[in-house]
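Student: Quick one: the structure is below, questions incoming.
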Protein chains: 2
Amino acid sequence: MKKAVRAPRKPVRPSALQAESLQQTRREHASETAEDYVEAIADLTAAHGEARVVDLARRLGVTHVTVNRTLARLQREGYVSVQPYRAIFLTDRGRTLAAECQHRHGIVVAFLVSLGIPEKSAEIDAEGIEHHVSPATLAAFARHLAK
Amino acid sequence: MKKAVRAPRKPVRPSALQAESLQQTRREHASETAEDYVEAIADLTAAHGEARVVDLARRLGVTHVTVNRTLARLQREGYVSVQPYRAIFLTDRGRTLAAECQHRHGIVVAFLVSLGIPEKSAEIDAEGIEHHVSPATLAAFARHLAK
DNA sequence: TACATAATGTAGCCTTGGCTACACTTGAGC
DNA sequence: GCTCAAGTGTAGCCAAGGCTACATTATGTA
């Protein structure tokens, strides 16, 4: 009594499209960490002259152990340059990514604030949203701000 | 030559706030999967009369193995009711969550489209964004749509 | 009814990203 | 120049969420 309904295929949202969207979301998730780290490192370097593991840990809300392991991966991927017991530096690639992220973050926060969302909520939401904003959507946000 | 710069503390973004935001983002990430699954199950049930593992796998863009393991977790958490080789059913709790997600998804997509973003991009972006939209921000989106 | 095929389930592997507990370096100050 | 606290590194645990390969069940159809 369950095979009868097998044929129709009139999904509310087409399966293929949602699968594609979710795969995109998963890809984005994989780069979220890198983005958060390089952005934090850039900010800390600007503010303190250097970025240290403890500072990053405080800033990112995780333990220094997590920071350490993640930095190893980011070094493997060419975003940062790390030496034992030394400060953390961004590579050119890392700096480029950080600049993009800071730019995008600024637009997303400003956009949310322009909708009447309080600064603090805007910050919190932006942190989650910004990694999933496509260039087209970012452009739309910027357009809306310009008006 | 590196200790000198340790004192100032004038972060571009306060550490505590960013840490808090990121912790919130991580909490949201933990519920993303549950939301995507219950929403997909609700949609499939509405469209086909039932939700099967293969359909879910196709819809979510993963293998049936991943679906299976995740369903076990969702059952543990009380969102779905699963029996071997049978269709998947939402519990009351699962249905409630699915309804919320569908509602939120609709608003986010409509909002993005209202900004001039093409339907397909809006769908893709919404899939990533919707999980990080706070009630306040969702309300702001709805307000903007009403205008 | 029997069987082939599709659906489902299981075993076991990988990576990421949390954590605690413990070990080792560094460097500021006595 | 020693010492000790803070910072950093390492070992090893856990859960989530991907995967392939293989085993098992259900069922439409010959």
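The values are calculated or read from the model by the stated rules, or taken from the named source; none is laboratory data. Keep in mind that this is a model prediction, so the values were computed, not measured. Don't worry about glycine lacking a Cβ; one is built from the backbone with ideal geometry, like all the others, and counts go over all protein chains shown. Keep in mind that these areas ignore ligands, DNA and RNA; they rest on the heavy atoms of the full protein, side chains included. Shrake-Rupley method; radii C 1.70, N 1.55, O 1.52, S 1.80 Å.
Student: Kirkwood Rh over Cα pairs of the stretch A:13-147 into Stokes-Einstein at 4 °C, 1.567 mPa s: D in µm²/s?
Tutor: Estimated diffusion coefficient is 80 µm²/s.
Student: For A:44-57, what's the mean count of beta carbons from other chains sitting within 10 Å of each residue's beta carbon? Let's see the in-between values first.
Tutor: On the way: counts 3, 1, 3, 8, 8, 5, 5, 0, 2, 0, 0, 3, 1, 2.
Counting Cβ atoms of other protein chains within 10 Å of each residue's Cβ and averaging gives 3.
Student: Sticking with this structure for a sec: Sorted by mean Cβ packing within 10 Å, highest first, what order do the peptides A:121-133, B:72-84 take? Can you show the working numbers first?
Tutor: On the way: A:121-133: 23.7, B:72-84: 14.2.
Those peptides, ordered most packed to least, come out A:121-133, B:72-84.
Student: Using the 7 Å Cα-to-Cβ label point, sort the distances from A:Arg69 to its equivalents in the other copies shortest first and give them in nm to one decimal.
Tutor: Computed spacing set for this position: 1.6 nm.
Student: Right, here's the next one. Within the protein assembly as shown, how many lysine pairs that are 8 or more places apart, or on different chains, have C-alpha atoms less than 27 Å apart?
Tutor: 9
Student: Between chains A and B, what is the buried accessible area in Å², counting both sides, with a 1.4 Å probe and ligands, DNA and RNA left out, to the nearest 100?
Tutor: Roughly 5400 Å² of accessible surface disappears when A and B pair.
Student: Before rounding to the nearest 500, sum -39500 (n - 2.57) across all DSSP H runs of length at least 4 in chain B and divide by the residue total; then give [θ] at 222 nm in deg cm²/dmol.
Tutor: Taking each H run of at least 4 residues, the total per residue is -23000 deg cm²/dmol.
Student: Please report the relative contact order for chain A, taking Cα pairs under 8 Å with a sequence separation of at least 6, and give it as a percent rounded to a whole number.
Tutor: Taking the mean separation of contacting Cα pairs over the length of chain A, I get 20 percent.
Student: Sticking with this one: Mean Kyte-Doolittle hydropathy of -1.0 or higher plus an axial Cα length of 24 Å or more: which whole DSSP H helices in chain B meet both?
Tutor: B:15-48, B:92-114
Student: Return the average number of partner chain Cβ atoms within 10 angstrom of each residue Cβ along peptide B:114-120.
Tutor: Average neighbour count from other chains, rounded to a whole number: 4.
Student: Percentage of Cα-Cα pair distances in the protein assembly as shown greater than 37 Å, rounded to whole percent?
Tutor: 23
Student: Name the nearest-to-axis residue of chain B, judged by Cβ distance to the rotation axis taking chain B onto chain A, and quote that distance in whole Å.
Tutor: Its Cβ sits closest to the axis: B:Ile129, 3.
Student: Here's something else I'd like to know. Could you give the semi-axes, largest first, of the ellipsoid that matches the stretch B:35-94, computed as the square roots of 5 times the alpha carbon gyration tensor eigenvalues and rounded to whole Å?
Tutor: Three semi-axes, in Å: 14, 14, 11.
Student: How much area per residue is accessible in the protein assembly as shown when the probe is 1.4 Å and only protein heavy atoms are counted (Å²)?
Tutor: Result: 50 Å² of accessible area for each residue.
Student: With chain A treated as a Gaussian network of Cα nodes joined by springs under 10 Å, which of A:Ile117, A:Ile107, A:Ile88 yields the largest mean-square fluctuation?
Tutor: A:Ile117
Student: Out of the total accessible area of the stretch B:77-147 (probe 1.4 Å, heavy atoms of protein only), what percent is carbon and sulfur?
Tutor: Carbon and sulfur: 60 percent of the exposed surface of the stretch B:77-147.
Student: Let me confirm one metric for peptide B:61-73, namely the mean number of other chain beta-carbon atoms within 10 Å of its residues' beta-carbons.
Tutor: Mean partner-chain Cβ count within 10 Å for B:61-73: 1.
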